1. Out of the residues in the stretch 101-122 that are touching a strand residue (DSSP E or B) at 6+ places or on another chain (Cβ under 6 Å) and assigned to a loop (DSSP other than H, G, I, E, B), state the one that is nearest to SER254 (Cα to Cα).
2. Report every pair of residues separated by at least 6 positions or lying on different chains whose Cβ atoms are under 8 Å apart, first residue within the stretch 324-338 and among the aliphatic types (A, V, I, L, M), second surrounded by fewer than 14 Cβ atoms within 10 Å (Cβ to Cβ) and not in a helix (DSSP H, G or I).
3. Check off (1) open to solvent by 10 Å² or more (accessible area, probe 1.4 Å); (2) under 30 Å from HIS32 (Cβ atoms); (3) among the hydroxyl-bearing types (Ser, Thr, Tyr) for TYR396 and give me the number that stays unchecked.
4. Do any helices (runs of 4 or more DSSP H) entirely within the stretch 1-50 hold 1 or more residues that are open to solvent by 40 Å² or more (accessible area, probe 1.4 Å) and at pLDDT below 85, and if so, which?
5. Filter the strands (runs of 3 or more DSSP E) completely within the stretch 191-291 down to those with at least 3 residues that are hydrophobic (A, V, I, L, M, F, W, C).
6. Yes or no: the stretch 281-288 includes at least one residue that is open to solvent by 10 Å² or more (accessible area, probe 1.4 Å), hydrophobic (A, V, I, L, M, F, W, C) and modelled with pLDDT under 95.
7. Of the conditions (1) closer than 30 Å to ASN266 by Cβ; (2) crowded, with 17+ Cβ neighbours inside 10 Å; (3) in contact (Cβ under 8 Å) with a residue 24 or more places away in the chain, LYS196 satisfies every one except a single condition; which number is it?
8. Please go through the stretch 255-293 and give me each residue that is among the hydrophobic types (A, V, I, L, M, F, W, C) and closer than 16 Å to LEU343 by Cα, ordered by number.
Amino acid sequence: MYNYLISVIKKTFPRFYIFLKIIKNKILFGKHYIKKKELETFGLIKSVENESFFEYQKKEFFKNKDTKSKTGILEINNSCNINCVMCDTKSSTRQKKLMDLDLCEKSVKQMKEDGVTSVLLHTIGDPLANAKLKDYLKILRKYNLQAGISTNALMLDKHVDTLKEYFDICSSIRFSIDGVKKETYEKIRFGGKFEKLIENLELAQKKLRVIGFEFMIDLVITKDNFSELGDFVVFYKKYINNPYKNMHFNFMNSLSPNNDYFLKNNTLEQHTSKNFYCNYASKLTPYVLVDGRVSACCRDYDGSLVVDDINQNKINTMQNSNGFKNLQQAHMDENGKINDYKLCTSCYVVDNRVDQIWRNIIASILFKYPDENAKFYQEIFNETLEFLKDLNTLNYQKLQNKFLTN
């Protein structure tokens, strides 16, 4: 009912929706939001001090085991217009194609019936690289499901009118941008053009933000761009509301099956581990591939983590399918069964507690100091990273006293 009402308000009373969003941000994302983040940080630091990542991951695995996901993932296309060095999507061996519209509707209908409330359209492919985006959004509107889009923004100009038309079911966009300097951006986002990015961000401001779209900007941290994070904040914050909430700096994980770039450019080796007891094996988030097969993981570049097929079975039965249970059991078994899954054995992640500590600290800084210069922000990024490398309560108190108390 909530999603339906919000969709109606967006479509019928867009100015009222913008007003409601402003009120919501003031109520939910003010000082108490930051205070909550700071309290969470203390708890996470204690967890890191007292519990290994393996123990923590195992505990979380069983805590979430077989719970229902409210989010579904729909691979409407598995092609991308660029080839980012940390993703290397061109290395995927699965056949490149667009999802058949009948298959899309079948998937969306079953997701709705299974309690899914939002559907992510970003996978190996960028959804704006799909010329038929409007047709898929039309199906999502029919079933009143909210769509989530993450994009490199380079093809936004081709879909801006469609996004305006379907604002009621897709009102937020995450822009993935990994550099503020042309040379850095084009090195990481291989095949992308920095000038086109800026052109489309400006277009998004003029055509979408003014009607109520919420934008987020995400960066994947590597050794190639860490020294530019301060400049990144100063340059890109004008494109989003509330940078402390909508600008995210994420530590790199080994998304691509080829770990060469990750191993060379990972900035936080101290907290990097093999991803045993993976959350994706704990519970099944329905990830419907372009051909209808259902995978357990976004890292499935070759189809080896497929657990079922929507052409043969229903989504609501797949959590108990042999394919998923075998994968789940392999993650629960500590005697080597995980070796049957090559993509799992080569998957590395940064301790998500440490990642959340980093996010919380940066959010607090951007909230408390919204209008500082790049040098100021870069100093904080540098010192926070050093703190994470020697993470403990005492060092956090020192960092807090220097930057977080005002």
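1. Per the stated criteria, the residue is HIS122.
2. As it stands, the answer is none, since no pair meets every condition given.
3. (1)
4. 2-12, 14-28
5. Because the criterion is at least 3 residues that are hydrophobic (A, V, I, L, M, F, W, C), the strands (runs of 3 or more DSSP E) in the stretch 191-291 that meet it are 214-221, 247-251.
6. yes
7. (2)
8. Passing the criteria: LEU255, PHE262, LEU263, PHE276, CYS278, ALA281.
The values are calculated or read from the model by the stated rules, or taken from the named source; none is laboratory data. Bear in mind that the values here come from a model prediction, so they are computed numbers and not experimental data. Note that we place each Cβ from the backbone using ideal geometry, even for glycine, and neighbour counts take in every protein chain shown. In case anyone asks, the SASA skips ligands and DNA or RNA and just uses the protein heavy atoms, side chains included. Shrake-Rupley method; radii C 1.70, N 1.55, O 1.52, S 1.80 Å.
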